[in-house]
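Below: the structure, in structure tokens.
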Amino acid sequence: MTEIVTRPAQHQQRVNHVQPLLALARAETRLFLRDKFTSLLGVGLPAAVLAGLGAVRALREPSEVFGGMRFVDFYAPSLLAISIAVLGLQNLPTGLATYREKGILRRLSATPASPAAVLVVQLLLNFVAVAVGTVLMVTVAVAVFEVPAPRHPLGFGLAFVCGTAAVFAIGLVIAAVAPRARVAAGMGTVAFMLTQFFAGVYLPKFLLPDVVVRIGEFVPPGAGALQGAWTGGGADPVQLVVMALTAAVAAGVAVRLFRWE
């Protein structure tokens, strides 16, 4: 009898938690899509850059500099770092810092949609956006410029998940320690520029010193693992472990330091 009475109560409790979360997810998705600059930049920029470079005929010719590959084949994996960093180091921490600065997180703490729910929704929303941008970029590379599809799909997926998790965790640390949204934006921009430099986005890797390229293989999002899984012999397990450890440590620091108000 007790079980019969308890089960409907537990079901109603789950419904009471899920409905505010879904409503929050819908509201955050609308806000994300309404910000067309960020959504287009985060999702479409890598594909747009590749399309611009691929329009240059000389960059579609095989070269000994790239081991017989074309420049677009060599450079495409590095461009994946753009979406991951734009959304993980700029959109995510700035959005959370803005919510804290305006007291939105504090007000949510008094509603069924807790501040923790905002964190989960923001992470999922930005992760889905990065995944869409990655699929778009790979599709353009393969379908338009005949770049070979990732040779190691499982390793490519692991490199993407581990690298994105590491960058997003660093973004959470920025959101945790930045006292204002402007500070979060500034810190995110510095982190963004560093990740792009080491990923070989600003200067292709063949123009960088070997030591910088080697360091860059262990800087999130781990462009070396993405490139190895896409065009090489596979993602380096050591690089994947470093990305996973970075994600775990940074997430732990962010949880410890994060303030809701």
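The values are calculated or read from the model by the stated rules, or taken from the named source; none is laboratory data. Since we're looking at a predicted model, the values are computed, not measured. In this analysis, Cβ positions are derived from the backbone assuming ideal geometry, glycine residues included, and neighbour counts consider all displayed protein chains. In case anyone asks, the SASA skips ligands and DNA or RNA and just uses the protein heavy atoms, side chains included. Shrake-Rupley method; radii C 1.70, N 1.55, O 1.52, S 1.80 Å.
Does Val132 satisfy the criteria of being without any contact (Cβ under 8 Å) to a residue 24 or more places away in the chain, out of contact with any Lys or Arg (no Cβ under 7 Å at 6 or more places or on another chain) and surrounded by fewer than 19 Cβ atoms within 10 Å (Cβ to Cβ)?
Values: without any contact (Cβ under 8 Å) to a residue 24 or more places away in the chain: no; out of contact with any Lys or Arg (no Cβ under 7 Å at 6 or more places or on another chain): yes; surrounded by fewer than 19 Cβ atoms within 10 Å (Cβ to Cβ): yes.
Here the answer is no, as Val132 does not meet what is asked.
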Checking Ala181, Ala185 in turn, the sole residue that is touching an Asp or Glu at 6+ places or on another chain (Cβ under 8 Å), within 30 Å of Arg100 (Cβ to Cβ), modelled with pLDDT of 90 or more and of a type outside the set (Phe, Trp, Tyr) turns out to be Ala181
Members of region 52-62 found to be among the small types (Gly, Ala, Ser) and open to solvent by 40 Å² or more (accessible area, probe 1.4 Å), listed by number: Gly52, Ala55, Ala58
Looking at the structure I just gave you, is Met187 in contact with a Cys (Cβ under 6 Å, 6 or more places away or on another chain) and open to solvent by less than 80 Å² (accessible area, probe 1.4 Å)? no
Under 8 Å by Cβ, and 6 or more places apart or on different chains, what pairs join a residue from region 31-45 that is closer than 15 Å to Ala81 by Cα with one that is open to solvent by 60 Å² or more (accessible area, probe 1.4 Å)? Val43/Val132; Val43/Leu136; Gly44/Leu136
Which residues, counting only those in region 220-238, are in contact with a helix residue (DSSP H, G or I) (Cβ under 8 Å, 6 or more places away or on another chain), of a type outside the set (D, E, K, R) and surrounded by fewer than 22 Cβ atoms within 10 Å (Cβ to Cβ)? Thr231, Gly234
Of all residues in region 100-119 being open to solvent by 70 Å² or more (accessible area, probe 1.4 Å) and free of Cβ contacts under 8 Å to residues at least 60 places away in the same chain, the one that is farthest from Phe168 (Cα to Cα): Ala110
For region 82-124, the count of residues that are aliphatic (A, V, I, L, M) and either touching a Phe, Trp or Tyr at 6+ places or on another chain (Cβ under 6 Å) or within 14 Å of Ala191 (Cα to Cα) (or both) equals 8
Screening Val65, Val49 for residues that are at pLDDT 90 or above, out of contact with any Cys (no Cβ under 9 Å at 6 or more places or on another chain), open to solvent by 20 Å² or more (accessible area, probe 1.4 Å) and assigned to a helix (DSSP H, G or I) leaves only Val49
